[in-house]
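Quick notes on the structure that follows.
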Amino acid sequence: MTFKKGDKNIAKRPEVREKNRQFHLGKKLSKESIIKRTETRRKNGWNKNPEETKRKKRKSALEQFKDGMPEETKKKLRKIKLGKKIPKSSEKLKRLYKEGKLTVWNKNKKGSQVAWNKGKPNYEIRGDNNPAKRIEVREKIGIAVTGEKNGQWQGGTSFEPYTKEFNNKFKRAIRKRDNQICMLCGIHREKLNKSLFIHHINYNKEISLPQNCLSLCNSCHTKTNSNRKYWISFFQSLLSEKYGYEYSKDQEIIIGQHNEKFK
């Protein structure tokens with residue numbers, strides 16, 4: 001606090017403050033003096049709310065060290081810690097290790113330990129008695145839900161061959177048209193481990209036209225295996241808006257001049 005003109009309080013003068021500091025330097029206050037000082041300060045409006053004071057100090061500290069702690073502060077903290085006594089418990093442990101009464105449990109055992117769950121099936125490790133997790137039961141379930149027994153069976157259309165028009169040249173043209181991105185999630189080819197899939201919108205492999213094909217990543221292509229009516233409507237609306245392709249109310253393709261450049 002600087003000395004103001006007209007202020008008659010002598011204790012505020014720099015020279016008097018320095019004398020007081022030197023007088024109290026190295027001296028410890030008694031508990032009574034500390035209590036008395038605290039009560040006086042609270043009466044005068046200082047630290048009326050201790051919790052609020054703590055919060056402000058914490059906020060100030062965070063702002064002060066937001067760019068990291070300065071090297072000078074680190075050095076000061078190191079000096080403070082130097083010479084401090086190690087807790088008795090730590091000293092006792094060190095002494096027991098030196099005397100050989102305590103040893104590290106895995107000392108000289110590197111490579112000799114075997115994982116407790118090595119070679120055990122998953123259902124044994126978890127202690128789960130669910131038979132559906134057993135290998136032989138899983139195989140039976142797999143057989144029971146394949147082919148015509150599966151709810152999404154489409155009459156074996158996935159095994160049908162593609163037409164000659166659905167060649168590498170046509171696929172490259174579709175990917176180029178779609179700017180090498182998945183038309184559903186927008187991921188670029190550069191972020192994938194393999195090329196984008198070319199999906200037939202109406203699931204008919206015999207109709208390999210630009211109006212019926214678009215690029216999809218593996219994840220999005222898998223999503224289109226179910227709820228086919230929805231995806232047909234969604235993708236036709238998407239290509240109609242993006243490229244101006246036309247479709248009938250029955251979701252049939254209206255052939256125009258759009259596919260000439262793909263020949």
Quiz item: Each residue of the range 211-226 in turn: what ³J(HN,Hα) in whole Hz from Karplus with 6.51, -1.76, 1.60 and θ = phi - 60°, glycine and Pro shown as x?
Solution: 6, 10, 9, 7, 8, 9, 6, 4, 4, 6, 5, 5, 4, 6, 6, 10
Quiz item: Restricting attention to the range 161-229, which chymotrypsin sites (Phe, Trp or Tyr not before Pro) occupy a DSSP loop and are surrounded by at most 13 other Cβ atoms within 10 Å?
Solution: 162
Quiz item: Can you give the net charge of the other residues whose Cβ lies under 14 Å from the Cβ of residue 188, counting K and R as +1 and D and E as -1?
Solution: +3
Quiz prompt | Over the range 161-262, relative contact order from alpha-carbon pairs under 8 Å, at least 6 apart, % | solution = 25 percent
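Quickly rank 239-251, 67-79 as a protection proxy: mean count of other C-beta atoms within 10 Å, highest first.
Per-residue mean Cβ counts within 10 Å order the peptides as 239-251, 67-79.
Each reported figure results from applying straightforward, stated rules to the coordinates on display, with no laboratory input. If you're wondering where the values come from, they're calculated on a predicted model, not measured in any experiment. We place every Cβ from the backbone using ideal geometry, glycine too, and count neighbours over all the protein chains shown.
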